[in-house]
Amino acid sequence: MTIYDLMNSGMLSEFYGVISAGKESRIYLAKGPEGLVAVKIYLITSAEFKKTRMTYVVHDPRFKRIPSDFKDFVYLWARREFGNLKKAYEADVPVPKPYFVEKNVLGMQFLGKDGIRYPTLEETDLEPDDYEKIYPMVIENMKKLYQKAELIHADMSQYNIFVTDVLSIYFIDLSQAVHISHPLAEAFLERDVRNITKFFEKKGVSVRPPEEVIEWIKS
């Protein structure tokens, strides 16, 4: 019904098939006024979702009250990702442009070519020199996310970075991103940096020590 309402309002004109699916959400391809749209629909099925996500929401100043009803919590989670994307996009961090959020449905810029999404870093098999080029892009944009948007991704890894055919990057899945004032901000930032360091080190990149990268991001 939410998709039906979005189509009636003109936010979407056509709705296609699934382009990716996970335990918590499915992403569909659609068409809107600005072109192709990635429509993320959060599944309202498992209360386990709320348990694992409560850590990220409980200290978020944007949400004064955490809903007891699971469905309402999922709606809040969708609004949260929309807000994180908006802040990151306005800070010129490479993320999909957010278009709308309605209940458990989030619409954002489709990142891909000819209806096929870009691959993640995990899904690519690049030349060693390409990883050398991408590594500084990743940590520079982690710093921009921290300094300009005042956010920490909190789930940064090779699975949440798209790579385009011209070797530019996009950060995706900002649903867990937290404000830098979050009580666990330091722990999340350290985890993100260590994940990225480990991945690029395995690819043969001459990486900087995680502690040094963390201080550089914060300075």
Please find, within segment 178-194, the residue that is surrounded by the most Cβ atoms within 10 Å (Cβ to Cβ) out of those that are within 30 Å of residue 125 (Cα to Cα) and touching a helix residue (DSSP H, G or I) at 6+ places or on another chain (Cβ under 8 Å).
-> 192
Could you count how many residues in segment 13-44 are within 20 Å of the chain's Cα centre (by Cα) and among the charged types (D, E, K, R)?
-> 4
Can you pull out the residues in segment 53-73 that are within 17 Å of the chain's Cα centre (by Cα) and modelled with pLDDT under 70?
-> 53
Here the residues within segment 182-219 that are in a loop (DSSP other than H, G, I, E, B), over 19 Å from the mean Cα position of the chain (by Cα) and more than 15 Å from residue 141 (Cα to Cα) are 183, 203, 204, 205, 206, 207, 208, 209
Any pair with Cβ under 9 angstrom, 6 or more apart, that starts in segment 61-81 at a residue that is within 20 Å of residue 185 (Cα to Cα) and ends at one that is of a type in the set (S, T, N, Q) and at pLDDT 85 or above | 61/181; 77/104; 77/175; 80/175; 80/176; 81/175; 81/176
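The values are calculated or read from the model by the stated rules, or taken from the named source; none is laboratory data. As the structure is a prediction and not an experimental result, all values here were calculated from the model. Here the Cβ is made from the backbone with ideal geometry for all residues, glycine too, and neighbour counts use every protein chain on show.
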